[in-house]
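The values are calculated or read from the model by the stated rules, or taken from the named source; none is laboratory data. It should be emphasised that the depicted structure is a prediction, and the values quoted were computed from it without experimental measurement. Every residue, glycine among them, receives a Cβ derived from its backbone with ideal geometry; neighbour counts consider all protein chains shown.
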Amino acid sequence: MRKLNIDVFRYNPLDPESKPHMQTFVLDETPSMTLFIALTQIRETIDPTLMFDFCCRAGICGSCGMVINGRPGLACSTQTKDLPDHIVLQPLPFFKLLGDLSVDTGTWFRQAWERIESWIHTDKTFDPNEEEERMDNELANEIFELDRCIECGCCVAACGTALMRKDFLGATSINRLARFYIDPRDHRTEEDFYEIIGDDNGVFGCMGLLACEDVCPKKIPLQDQLGIMRRMTALQSVRGIVPKFLLDRLSPRRCGCSCSEQHND
Amino acid sequence: MTSPSIRKHTDNAPVVVPSRLDIIQAITGVLLILFLWAHVFLVSSVIISPALMNGIADFFERTYMAQIGGPLVLLLIVYHFLIAARKMPFRASEFMTFWRNARSLRHKDTWLWVVQVVTAIVILVMASIHIYVVLSTLPITAEQSASRVQGGWLPFFLILLPMAELHLGIGFYRLGVKYGYITRASRHVWQRNEYVLTGIFILIGLLTLVRFMLLTN
Ligand code: HEM
Ligand code: SF4
Ligand code: SF4
Ligand code: FES
């Protein structure tokens, strides 16, 4: 069994004595050890003051995002056997630091969801006695594919644009809006979507670095959604200038997926 | 249940400027790519024969395409740069943030963007000088180009050539990504295509320079 040297970022913003520093913990690796298990062991056997977030420990809740050897990822889904014996853990940048490895992603996601108005916009009146509306299974799957985001924040923390420009909405928000874009129950028009993401804090801020795509632990099709939303939004701004047949040819179809093979997750 | 939109509180038409700038950046980028491809083939015609290059140059001068097109290309470069510069990390804090992120992530596409920013600045300066020199010493002839390359301009081109081709290759790839033409499924194929294309153009450029070095009047 290997001995693991785990360097952990330590800082408690509420403690005036506390200074940001790295602290090394040495652990014996155990079979199928995840970083969740390792950190819990540190907290239980070495230092009970260590702060980090976990809830589901199965890659579902999105609370354990952290920077693992330089890259954002989920600690609960990362096995130590896939890492070298020297492991460096840091809190996600971009988000507010609560202490050590714990950051507040919730506040950011809440304001982002409010900015993109992350809910179905409809004028239909809800009748609780009516039978539920049916949806085509394929479409439901396409929407679900985009809905799988667990709001871990890894994509935002890896995005050079977001780190430089704090108001940038990030790939997760664009993907979130793409989900409403393909949802027929949402009555927002392309013009409405343009108004939300048609600027440099939205889809035009993205520089196509694809760090989001490459770190997303849920493999959400961020690259494809960013492309679809950018093209749709850009075309929206030249409606009336560019001939209609050309617009129609260039338009991405109003459907979340650009490639049907990707629905096997 | 109606959900009133908290955004729609004015009746102003949405602002189209950021979006149109993005489109212009893409179009000027594509135009410059096309120009540079054409340019490589015109200049490299010297490999086949200096007379061919002279003939082509003569055609472009007689039709005034060089005299008018040249400054237009320069304008296009400056315009493309200005629009693209909106995204450049000019503030020290921005640059430091980006640099730290790129180093920490060890992520290729993030690094490629750094390459694109650096090459953009180099090209802006060097291409301006180059266009000025070429257009102020018309006519373009293989003999004159050769004496220029032999007379000390070789290092200049050895820098400008890879810079221009790298910028072009990365820009082409990223444009495809940004506008959703290069998808998750096709990304790897395109990345490879891009390497090959960039390599071929650098090779042709180097051969051209070798030809100029060996050309004697
Ligand atoms: C309209 C403008 C342009 C004209 C008329 C022009 C013309 C020429 C000519 C005649 C040469 C041969 C060498 C010489 O005579 O000095 C040359 C070489 C070269 N030019 Fe240009 N050029 C133009 C714009 C550009 C731009 C914008 C770039 C790069 C972004 C560029 C990159 C190069 C490179 C790298 C070489 C080296 C030759 C090679 O390896 O292919 N040129 N150009
Ligand atoms: S898109 Fe992926 S990386 Fe981003 S918050 Fe959602 S699950 Fe996390
Ligand atoms: S592709 Fe866009 S959103 Fe994703 S990391 Fe790059 S700049 Fe950020
Ligand atoms: S603990 Fe829930 S995603 Fe890791």
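Considering A:Ala178, A:Ala162, A:Ala158, the condition of being small (Gly, Ala, Ser), over 24 Å from A:Leu101 (Cα atoms) and crowded, with 22+ Cβ neighbours inside 10 Å is satisfied by A:Ala178 alone. Confirm whether A:Ser77 is polar (S, T, N, Q), away from ligand 3 (no atom under 16 Å from the Cβ), more than 14 Å from every other protein chain (Cβ to nearest Cβ) and touching a Gly at 6+ places or on another chain (Cβ under 9 Å). Against the criterion (polar (S, T, N, Q), away from ligand 3 (no atom under 16 Å from the Cβ), more than 14 Å from every other protein chain (Cβ to nearest Cβ) and touching a Gly at 6+ places or on another chain (Cβ under 9 Å)), A:Ser77 qualifies. Applying the criterion of being in a helix (DSSP H, G or I) and charged (D, E, K, R) to the residues of the range A:109-149, the residue that is farthest from the chain's Cα centre (by Cα) is A:Glu138. Within the range B:195-217, the set of residues being within 17 Å of B:Ile48 (Cβ to Cβ) and of a type in the set (A, V, I, L, M) comprises B:Ile200, B:Leu203, B:Ile204, B:Leu206, B:Leu207, B:Leu209, B:Val210, B:Met213, B:Leu214, B:Leu215.
Restricting to the range A:230-243, and then to whatever is more than 8 Å from chain B (Cβ to nearest Cβ) and farther than 19 Å from A:Phe180 by Cβ, can you tell me which residue is nearest to the chain's Cα centre (by Cα)? Result: A:Arg239. Filtering the range B:21-48 to residues that are surrounded by fewer than 17 Cβ atoms within 10 Å (Cβ to Cβ) and either modelled with pLDDT under 80 or within 14 Å of chain A (Cβ to nearest Cβ) (or both) leaves B:Ile24, B:Ile27, B:Val30, B:Ile47, B:Ile48. Screening A:Phe36 with (1) buried (at least 18 other Cβ atoms within 10 Å of the Cβ); (2) touching a strand residue (DSSP E or B) at 6+ places or on another chain (Cβ under 7 Å) gives one miss only, at (2). One residue stands out in the range A:77-98 among those that are part of a loop (DSSP other than H, G, I, E, B) and more than 28 Å from A:Ala178 (Cα to Cα): the one that is nearest to ligand 4 (Cβ to nearest atom), namely A:Thr78.
Checked against (1) within 14 Å of another protein chain (Cβ to nearest Cβ); (2) under 22 Å from B:Ile24 (Cα atoms); (3) surrounded by 16 or more Cβ atoms within 10 Å (Cβ to Cβ), B:His107 passes all but condition (2).
Per the listing A:Cys206, A:Cys152, the residue uniquely more than 10 Å from chain B (Cβ to nearest Cβ) and part of a loop (DSSP other than H, G, I, E, B) is A:Cys152. Taken across the range B:120-140, residues that are part of a loop (DSSP other than H, G, I, E, B), crowded, with 16+ Cβ neighbours inside 10 Å and away from chain A (no Cβ under 14 Å) do occur, with at least one present. Scanning the range A:99-106 turns up at least one residue that is out of contact with any helix residue (DSSP H, G or I) (no Cβ under 6 Å at 6 or more places or on another chain), in a helix (DSSP H, G or I), within 23 Å of A:Val215 (Cα to Cα) and within 16 Å of ligand 4 (Cβ to nearest atom). Within the range A:215-229, not a single residue is more than 9 Å from ligand 3 (Cβ to nearest atom), basic (Lys, Arg), at pLDDT 90 or above and over 16 Å from the mean Cα position of the chain (by Cα). A Cβ distance below 8 Å, combined with a sequence gap of six or more or placement on separate chains, defines the contacts here; from the range A:66-93, residues that are of a type in the set (Lys, Arg) reach residues that are assigned to a loop (DSSP other than H, G, I, E, B) and within 16 Å of ligand 3 (Cβ to nearest atom) in the pairs A:Arg71/B:Arg106; A:Arg71/B:His107. For the range B:171-187, residues that are surrounded by fewer than 20 Cβ atoms within 10 Å (Cβ to Cβ) and within 20 Å of the chain's Cα centre (by Cα) total 4.
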